[in-house]
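Okay, so here's the structure we're looking at.
The values are calculated or read from the model by the stated rules, or taken from the named source; none is laboratory data. Every value quoted in this text rests on a predicted model; they were computed, and no experiment measured them. Positions of Cβ are backbone-derived with ideal geometry, glycine not excepted, and every protein chain shown enters the neighbour counts. Surface areas here come from the heavy atoms of the whole protein model, side chains and all, with no ligands, DNA or RNA. Shrake-Rupley method; radii C 1.70, N 1.55, O 1.52, S 1.80 Å.
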Amino acid sequence: MKIPETVAIIMDGNGRWAKKRGLPRTAGHKKGADMIREIGLAANELGIKKLILYAFSTENWKRPEEEVGYLCKLPGLFFDRYMKELMENNIKVTFAGELDKFPQETQNVVNKAVEQSKNNTGLNLCLAINYGAQREITLGIKKYAQEVVDNKRANDLSESEFSKYLFVEEDIDLMIRTSGEQRLSNFLLWQVAYAEFIFTPVSWPEFDKQCLIDCIKEYNERDRRFGGIK
Ligand code: IPE
Ligand code: IPE
Ligand code: MG
């Protein structure tokens, strides 16, 4: 089985999963965080190089204060519980997004996990937090434009160089969205240019290792031509 190098997942459906069980939405997010552990370990075992998980979008600030507050606390709960195991498995934690909009405590726990695992050589587990692709692209353009204005570089940008101005430099091989919705919700718009898409009805709290393997099997059936002819 060919393993995709870079996989992205829109982890959707925590709220609906909880509601169906008569639980508060936050219970869905808690279970969702446990699945990050399971899928992170599985991706590492399978030999995926980078797994980018959409955990909090720039639009998610619109949610009720209580839910946003819980989501801000989740990284702390997650790393307290699982960082040791991630380290034992040589997993490198990174993030994509504007971390500085989060409470200082959240920023500290994420930065600590990144620092602690920076020399690990296994899976790059990248959490997209306060991430929005339109924001990412806008920030990248502003940064590049400023360099041109400051005479630090010429106005000669190429597509591959532009990627370096983004939070996520890699092209996505496989993009998965759980829980039935078939949209990107502002995730990795630049990077999915030639990604394969899988939309599964399974909710994120139920998306286990076998579900990931099934997605990779389906990915293996796709004929990726990149505009050429085979
Ligand atoms: C995904 O689950 C997690 C986040 C967006 C933080 P949702 O919270 O969107 O769950 P649904 O889509 O309402 O079921
Ligand atoms: C996308 O899910 C964001 C994350 C999974 C973090 P949403 O639930 O926020 O997306 P919409 O609102 O259904 O498009
Ligand atoms: Mg949702």
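Could you give me the residue pairs with C-beta distances under 7 Å whose first residue belongs to segment 70-87 and is open to solvent by less than 30 Å² (accessible area, probe 1.4 Å), whose second residue is basic (Lys, Arg) wherever it lies, and which are 6+ apart or on separate chains?
Close Cβ pairs satisfying both conditions: Tyr82/Arg37.
Results for (1) within 16 Å of ligand 1 (Cβ to nearest atom); (2) among the acidic types (Asp, Glu); (3) farther than 23 Å from Gly132 by Cα, shown as yes or no for each residue.
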| position | (1), (2), (3) |
| --- | --- |
| Met11 | yes, no, no |
| Trp17 | yes, no, yes |
| Glu65 | yes, yes, no |
| Gly69 | yes, no, no |
| Lys73 | yes, no, no |
| Thr94 | no, no, no |
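Residue check: is Val109 within 15 Å of the chain's Cα centre (by Cα), β-branched (Val, Ile, Thr) and outside any strand (DSSP E or B)? Let's see the steps before the verdict.
Values: within 15 Å of the chain's Cα centre (by Cα): no; β-branched (Val, Ile, Thr): yes; outside any strand (DSSP E or B): yes.
So Val109 fails the test.
Enumerate the pairs (first residue in segment 172-197 and farther than 19 Å from Ala55 by Cβ; second residue anywhere and more than 16 Å from ligand 2 (Cβ to nearest atom) and assigned to a strand (DSSP E or B)) with beta-carbon separation below 6 Å, excluding pairs fewer than 6 apart on the same chain, so at least 6 apart or on different chains.
Short answer, once both residue conditions are applied: Asp173/Thr6; Glu196/Leu174.
Looking at segment 149-169, which of its residues are assigned to a helix (DSSP H, G or I) and among the charged types (D, E, K, R)? Can you show your working first?
Kept after step one, since they are assigned to a helix (DSSP H, G or I), are these residues of segment 149-169: 149, 159-165.
Matches in segment 149-169: Glu159, Glu161, Lys164.
Being within 18 Å of the chain's Cα centre (by Cα), among the aliphatic types (A, V, I, L, M), surrounded by fewer than 22 Cβ atoms within 10 Å (Cβ to Cβ) and part of a helix (DSSP H, G or I) narrows it down to one of Ala18, Ala42, Ala27, so name that one. Before the answer, list the steps.
Details: Ala18 fails: within 18 Å of the chain's Cα centre (by Cα); Ala27 fails: within 18 Å of the chain's Cα centre (by Cα).
After ruling out the rest, the residue left standing is Ala42.
Going residue by residue through segment 184-192, is there one that turns out to be buried (at least 20 other Cβ atoms within 10 Å of the Cβ) and within 16 Å of ligand 3 (Cβ to nearest atom)?
Yes, there is a match, as at least one residue in segment 184-192 is buried (at least 20 other Cβ atoms within 10 Å of the Cβ) and within 16 Å of ligand 3 (Cβ to nearest atom).
Residue-by-condition table, conditions (1) surrounded by fewer than 21 Cβ atoms within 10 Å (Cβ to Cβ); (2) at negative phi; (3) part of a helix (DSSP H, G or I):
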| residue | (1), (2), (3) |
| --- | --- |
| Glu136 | no, yes, yes |
| Glu147 | yes, yes, yes |
| Asp171 | yes, yes, no |
| Ile229 | yes, yes, no |
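How many of the residues making up segment 120-134 are surrounded by fewer than 18 Cβ atoms within 10 Å (Cβ to Cβ) and either under 25 Å from Phe187 (Cα atoms) or out of contact with any strand residue (DSSP E or B) (no Cβ under 8 Å at 6 or more places or on another chain) (or both)?
Counting residues in segment 120-134 that are surrounded by fewer than 18 Cβ atoms within 10 Å (Cβ to Cβ) and either under 25 Å from Phe187 (Cα atoms) or out of contact with any strand residue (DSSP E or B) (no Cβ under 8 Å at 6 or more places or on another chain) (or both) gives 1.
Would you mind stating whether Phe95 is in a strand (DSSP E or B), within 16 Å of ligand 3 (Cβ to nearest atom), closer than 24 Å to Leu184 by Cα and in contact with a Cys (Cβ under 9 Å, 6 or more places away or on another chain)?
Values: in a strand (DSSP E or B): yes; within 16 Å of ligand 3 (Cβ to nearest atom): no; closer than 24 Å to Leu184 by Cα: yes; in contact with a Cys (Cβ under 9 Å, 6 or more places away or on another chain): yes.
Against the criterion (in a strand (DSSP E or B), within 16 Å of ligand 3 (Cβ to nearest atom), closer than 24 Å to Leu184 by Cα and in contact with a Cys (Cβ under 9 Å, 6 or more places away or on another chain)), Phe95 does not qualify.
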